[in-house]
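Engineer: This structure is in structure tokens; I'll ask about it shortly.
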There are 2 protein chains.
Amino acid sequence: MKNKIQVCLIIGSADIPKAKDINFFVKRKNDLVIIAADGGLKNASKLKLIPHFLIGDFDSVSPHQLKQLPSETKIVKFSGQEDTDIEKSIKYAQSKGCKEFFITGVLGKRIEHTIGNISILHKYTNKHTKIRIIGKYSLLEVINSSYKFRTHPGEKISFFSFNKETRIITNGLKYPLNDESLFFGERESISNETTGEMASLEIRSGELLLIRDLKTITANG
Amino acid sequence: MKNKIQVCLIIGSADIPKAKDINFFVKRKNDLVIIAADGGLKNASKLKLIPHFLIGDFDSVSPHQLKQLPSETKIVKFSGQEDTDIEKSIKYAQSKGCKEFFITGVLGKRIEHTIGNISILHKYTNKHTKIRIIGKYSLLEVINSSYKFRTHPGEKISFFSFNKETRIITNGLKYPLNDESLFFGERESISNETTGEMASLEIRSGELLLIRDLKTITANG
């Protein structure tokens, strides 16, 4: 176990995609560190992944589960109420130098946790830290500059802004935006569609929550 | 079928709570009108509710389902791409004078639709229109003034703001806020808890997305 963490997969206790979808993003990363965030231990086992760390206050882990832990898994107990188990996991990995995160098992169960975890994406993404949430059907990311991507025509793509200043130009989408503003509760772009093999978003100011279709991404190899 | 609609229940195709939870909110409302939003028809049938209207572009309803429709259900076809089926349903009911909405089956499946439907809550709530989303575990509402409620001690309550100007004072919560600001991606209150039989939120400016625990509300009668 290296002291420096490069890439980190954090597993929460909500909905997860198929193991092959997770593997698509992390399989070639030899320096990957896996963290089960509290009750996410069960999802790690479903994904047949052995976590390097189990982090949380263990209010969702039974003594039996703790006993069954593989010897490779190090227990890091945090009992502060301020941060969620996902935030505790991010902060722990950051303290070891980690700058790239994949987070799964954080969407779809209780809506307040789902929104809270999307809030975390906004809170911790910055020019030094890249975070992607792998949902059951989607890949979520906060972007604030140019984003160009390979796709298959017809990929469903959605974006939301929680920042009044966000302005965006799109290329290669069925419903184009040309230096237009988006703001939550006023305007959004849901189930937009790519039209060719490439598409791009250019953020003129502010930032966007980008939601792409997982099936299209993993099919693109 | 009255021409004027007072209260409307809109049913979408995502996760729904138990029928008894829906009934808690709508059972005494004789003037209730039920709208199935496209694929929500299936959820209406699960809830043993016969919709007065089926609204949408019917991309999620099979010809077989249309044939099986009860004769009480009026079909209203909208094919505009701009609005989602939920928005089409709200606008239709509003055109008939409806001012109070319950919406269910709009959270938990695809994350872009979940966020989009919470965005709708922000877009359509105003001093003339009251909207509540009944989720699987939660009741969601946008509030912008005082909100006082009966509860059981220990009810989990969460709130988020997508407005930089929101300031809030709470009473009767375990983690109190005293004229403090909240903003998505900066600060939120997740799984706060009530401490007594009554609690209140006072919004000094802006507005809040309030998420209460469905089980506590329905247990309170």
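Laboratory data are not the source of any read-out in this text; all were calculated from the coordinates shown. Please read all numbers here as calculations on a predicted model, not as lab measurements. Reconstructed Cβ throughout: ideal geometry from the backbone, glycine too, with neighbour counts over all protein chains shown.
Engineer: Kirkwood Rh over alpha-carbon pairs of chain A, then Stokes-Einstein at 25 °C and 0.890 mPa s: what D in µm² s⁻¹, rounded to an integer?
Structural biologist: Rounded, D is 135 µm²/s.
Engineer: Let me ask you something else. List the distances, in nm and shortest first, from the label point of residue B:76 to the matching label points in every other copy, placing each point 7 Å from Cα along the Cα-to-Cβ direction.
Structural biologist: Nearest to farthest, the other copies are at 5.4 nm.
Engineer: Which aspartates and glutamates, if any, have their Cα less than 19 Å from the Cα of residue A:74, not counting same-chain residues under 8 positions apart?
Structural biologist: A:31, A:38, A:57, A:59, A:85, A:87
Engineer: Mind jotting down the three principal axis lengths of segment B:143-219 based on Cα atoms? Whole angstrom, largest first.
Structural biologist: 34, 19, 19
Engineer: Which aspartates and glutamates does residue A:29 reach when only Cα atoms under 13 Å apart count, and residues fewer than 8 places away in its own chain are ignored?
Structural biologist: Output for residue A:29: A:100.
Engineer: Which of these, B:118, B:133, B:86, has the largest mean-square fluctuation under a Gaussian network model of chain B (Cα springs below 10 Å)?
Structural biologist: B:118
Engineer: Provide the per-residue ³J(HN,Hα) series for segment A:26-38, in order, calculated from phi with Karplus coefficients 6.51, -1.76, 1.60 and θ = phi - 60°, each as a whole number of Hz, with x at glycine and proline positions.
Structural biologist: Those phi angles translate into 10, 4, 8, 9, 5, 8, 5, 10, 10, 10, 8, 8, 6 Hz.
Engineer: On to the next question. Plugging the Kirkwood radius over Cα pairs into Stokes-Einstein for segment A:1-75, at a temperature of 10 °C and a viscosity of 1.306 mPa s, what D comes out in µm²/s?
Structural biologist: 125
Engineer: Treating only the Cβ of Lys, Arg, Asp and Glu as charged (+1, +1, -1, -1), what charge dipole size does segment B:7-136 show about its Cα centre? Round to the nearest 20 debye.
Structural biologist: Taking the Cα centre of segment B:7-136 as origin, the dipole is about 580 debye.
Engineer: Here is a further query. Rounding to the nearest 20 debye, state how big the charge dipole of chain B is about its Cα centre with +1 on each Lys and Arg Cβ and -1 on each Asp and Glu Cβ.
Structural biologist: Dipole about the Cα centre, nearest 20: 880 debye.
Engineer: So which of B:96/B:127; A:46/B:18; A:109/B:174; A:20/A:42; B:20/B:46 end up more than 20 Å apart by C-alpha?
Structural biologist: Correct reply: A:46/B:18; A:109/B:174.
Engineer: Starting from the eigenvalues of the Cα gyration tensor, five times each then square-rooted, give me the equivalent ellipsoid semi-axes of the protein assembly as shown, largest first, whole Å.
Structural biologist: Over the Cα atoms of the protein assembly as shown, the semi-axes work out to 35, 27, 22 Å.
Engineer: OK, next. Towards the positive end of the charge dipole of chain A, with charges on Cβ (+1 Lys, Arg; -1 Asp, Glu), say which of A:61, A:175, A:152 has the farthest Cα.
Structural biologist: So the residue furthest toward the plus end is A:61.
Engineer: With +1 on the Cβ of every Lys and Arg and -1 on the Cβ of every Asp and Glu, and nothing else charged, how large is the dipole of the protein assembly as shown about its Cα centre, in debye rounded to the nearest 20?
Structural biologist: Taking the Cα centre of the protein assembly as shown as origin, the dipole is about 1020 debye.
Engineer: Take the Cβ-Cβ distance between residue B:74 and residue A:59 as r, set R0 to 56 Å, and report the resulting FRET efficiency rounded to the nearest 0.05.
Structural biologist: E between residue B:74 and residue A:59, to the nearest 0.05, is 0.70.
Engineer: What shape does segment B:7-136 take by its C-alpha gyration tensor, where a ≥ b ≥ c are the square roots of the eigenvalues and a/c under 1.5 counts as rounded, a/b above b/c as prolate, and the rest as oblate?
Structural biologist: rounded
Engineer: Between segment B:153-192 and segment A:142-183, how many Å separate their Cα centres?
Structural biologist: Each part's Cα centre sits 30 Å from the other's.
Engineer: Compute the separation of the alpha-carbon centres of segment B:43-75 and segment A:78-140 and state it in Å as a whole number.
Structural biologist: Rounded to whole Å, the Cα centres lie 39 Å apart.
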